[in-house]
Structure formats: C-alpha cells, structure tokens
C-alpha cells in the first residue's frame, strides 16, 4: 500500500507471515520503502520510525523503532526489510474471523506507519505522524 506526500511516497508491503496459527501469534516480514518525486532533494525516513500491524482494529505485531535513516536520492527509491514481531494474540470473534480469512486467503491487515515528523520535510522532528493503510 502506498501513501503520498508532497514529493514523497511511502510504501509498505507484507512479504510473508510467520506463524501458521493466529492463536499462537503472528509475525510479519515487511518491506518499508520511500521514494523521492523531487528533482533536487532526497526523501528520508528518520530514526524512530516503527510500524504496527493490526487486524479488525486489534494490534497483532509491531516493529522496533528504526535506528538508522532510510533515504532515497532525488527521483529514486529506497527500501529495507523490517520484522514486526507478535505483540498480542487475538481472541474471541477476532480470532475466529482472522483464522477463517487466512484459510480463504482473504485476510486484510492494517499497517500503521509511525514516522517522525521530520521525515517528510520541515516540521518538528519531535512529533510523530501516523499513516494507516490496508495491505
């Protein structure tokens, strides 16, 4: 899924899910990327960026905060692989729906990208912006 900002494009993709049974917790291998649409400046995701993965509004996994910047040169893109480890095991109706959707191959997960505000230009690097997309 992609999110656009002036001259910056963020993208995430769930590459694989480890843990065949939702009732034991799921971990996600995710590709995090950024692209610069500018002819003269790079686009960066700065340290402190992290992701959460949710299903039906319930957080299932989260990555640790990035410790290095990820930058794309002007008119280029860059990506890195991130592991979001299980943080919770779904229960009740959420577990039943997730199990059924995974068996059908139709589970849709929300990935919340928590990006330090300085990552996309000029704003205070001390606040966090969240971007939500379904994957």
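The values are calculated or read from the model by the stated rules, or taken from the named source; none is laboratory data. All values reported here derive from a predicted model rather than from experimental measurement. Methodologically, a virtual Cβ is constructed for each residue, glycine included, from the backbone with ideal geometry; neighbour enumeration extends over all protein chains shown.
A few remarks follow.
Condition check ((1) in a strand (DSSP E or B); (2) more than 17 Å from residue 16 (Cα to Cα); (3) at pLDDT 85 or above) across all residues:
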site	(1), (2), (3)
47	no, yes, yes
51	yes, no, yes
85	yes, no, yes
102	no, no, yes
108	no, no, yes
111	yes, no, yes
118	no, yes, no
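- For the range 70-84, the set of residues classified as surrounded by 17 or more Cβ atoms within 10 Å (Cβ to Cβ) and over 16 Å from residue 15 (Cβ atoms) consists of 70, 72, 78, listed by residue number.
- Check on residue 99, touching a helix residue (DSSP H, G or I) at 6+ places or on another chain (Cβ under 7 Å) and either without any contact (Cβ under 8 Å) to a residue 60 or more places away in the chain or surrounded by fewer than 18 Cβ atoms within 10 Å (Cβ to Cβ) (or both): yes
- Candidate set: the range 55-68, residues that are surrounded by fewer than 18 Cβ atoms within 10 Å (Cβ to Cβ) and at pLDDT 90 or above; chosen: the one nearest to residue 95 (Cα to Cα): 58
- Residue 39 vs. criteria modelled with pLDDT under 95 and touching a helix residue (DSSP H, G or I) at 6+ places or on another chain (Cβ under 7 Å): no
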